[in-house]
Amino acid sequence: MRRVSGWHFVLAPLALLFALPLVWLLVSSVMSNAEINRFPPALWPHSIKFDGYRYVLGNALFPRWFLNSFIVSAVAVTANLVLGSLGGYAFARIRFAGSKVVLGLMLATMVIPFQLTMIPTFLVMKQLGLIDTLGALIVPSLVTPLSVLLFRQFFVSLPRELEEAAWIDGCGRLRILVSIVLPLARPALSTVAVLTFLATWNDLTWPLIAINSDSTYTLQLGLTTFQGQHHTQWSAVMAGNVITVLPVLLGFLLAQKAFIRSLASTGLKG
């Protein structure tokens, strides 16, 4: 049995406090509009109603927006796992002229605000003919400096002896990465997958700039316009928010142990 410490008495009330908005979101999604608009508001529905969910799934483009967000997030996660691991392994194991300079320049881009790069990014996407398509959301997210950094730091923490035997047997670097290193890098893979999914799934600013057609909206962008157009349908708005939050919450809960293990085991090693 796990020992209870004094921190539990501090963190448990804080956890409940932070969970209250999520609980209220879930409860209000099964309320009627009259109960939500009542003042003071009802704390619990008299009867559970799924009118908001039926309205969202049946009378809007919500399923299409959900599919668009899933496609963008899935491609971004897959690309960051593949390209990020390749880049991270190269910086961790291959010494080439200017490697530290290139790594420093890449990491320096992480502190540049998106507001400074969104216009050049928009112009590049326009030249490629990707504006108002899902490609405009996918291409800028194919690989991020953060994913390369996380993989690099995890690979640096692995002992080189694990790879030397395969190297002596004639295996190339790509074979070593795929067969030996990546099976040991599950915490890093889970961390990059979760962070990339959160960033792409919750992104609103860039889709607001790059997407014009409502059939190409992502879930976040579609929910914003849906809320503006149907501001009196609060049960539908709350139901839409529940559907939006649910994949993120489930994804984090499934990868929570690996996520925490990766952050605990990966340091800022040179």
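The values are calculated or read from the model by the stated rules, or taken from the named source; none is laboratory data. Only a predicted model underlies this, so the values are computations on that prediction, with no experimental measurement involved. Don't worry about glycine lacking a Cβ; one is built from the backbone with ideal geometry, like all the others, and counts go over all protein chains shown. Only protein heavy atoms, including side chains, enter the accessible area calculation; ligands, DNA and RNA are left aside. Shrake-Rupley method; radii C 1.70, N 1.55, O 1.52, S 1.80 Å.
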Regarding segment 100-235, what are the three Cα extents along the principal axes, ordered largest first, in Å?
66, 36, 26
Ordering of 43-49, 247-253, 180-186 by packing [mean C-beta count within 10 Å, highest first]
180-186, 247-253, 43-49
Students often check this: by mean Cβ neighbours within 10 Å, which of 19-25, 152-158, 210-216 ranks highest, and how do the rest follow?
152-158, 210-216, 19-25
Cα-based Rg and Dmax for segment 43-110, in Å, come out at 22.7, 69
What ratio of Cα Rg to 2.2 N^0.38 Å holds for segment 93-148?
1.39
Rounding to the nearest 10 and keeping the result within 0 to 90°, find how far the Cα-based axis of helix 99-108 lies from the longest principal axis of the chain.
10
Could you let me know the centre-to-centre spacing of segment 63-129 and segment 131-188, using Cα atoms, in angstrom?
14
Per-residue ellipticity at 222 nm for the chain, helices alone: DSSP H runs ≥ 4 residues times -39500 (n - 2.57), over residue total, nearest 500 deg cm²/dmol?
-21500 deg cm²/dmol
Per the Kirkwood formula over distinct C-alpha pairs, the hydrodynamic radius of segment 15-79 in angstrom is 14.2
For the chain, count the residues as N, evaluate 2.2 N^0.38 Å, and divide the Cα radius of gyration by that value, please.
1.23
What percentage of the solvent-accessible surface of the chain, computed with a 1.4 Å probe over protein heavy atoms, is contributed by carbon and sulfur atoms?
70
Over the Cα atoms of segment 116-178, what radius of gyration and what Dmax do you get, in Å?
18.7, 51
Rolling a 1.4 angstrom probe over the protein heavy atoms, how many square angstrom per residue are accessible across the chain?
59
Principal-axis tilt of helix 256-265 within the chain, Cα atoms, nearest 10 degrees
40
Kirkwood hydrodynamic radius of segment 1-130, from inverse mean 1/r over distinct Cα pairs, in Å
21.1
Label segment 146-226 by shape, choosing from rounded, prolate and oblate, from the square roots a ≥ b ≥ c of the eigenvalues of the Cα gyration tensor; if a/c is under 1.5 it is rounded, and otherwise prolate applies when a/b is larger than b/c, oblate when it is not.
prolate
With Cα atoms, 0 to 90° folded angle of helix 6-28 axis to the chain main axis
50
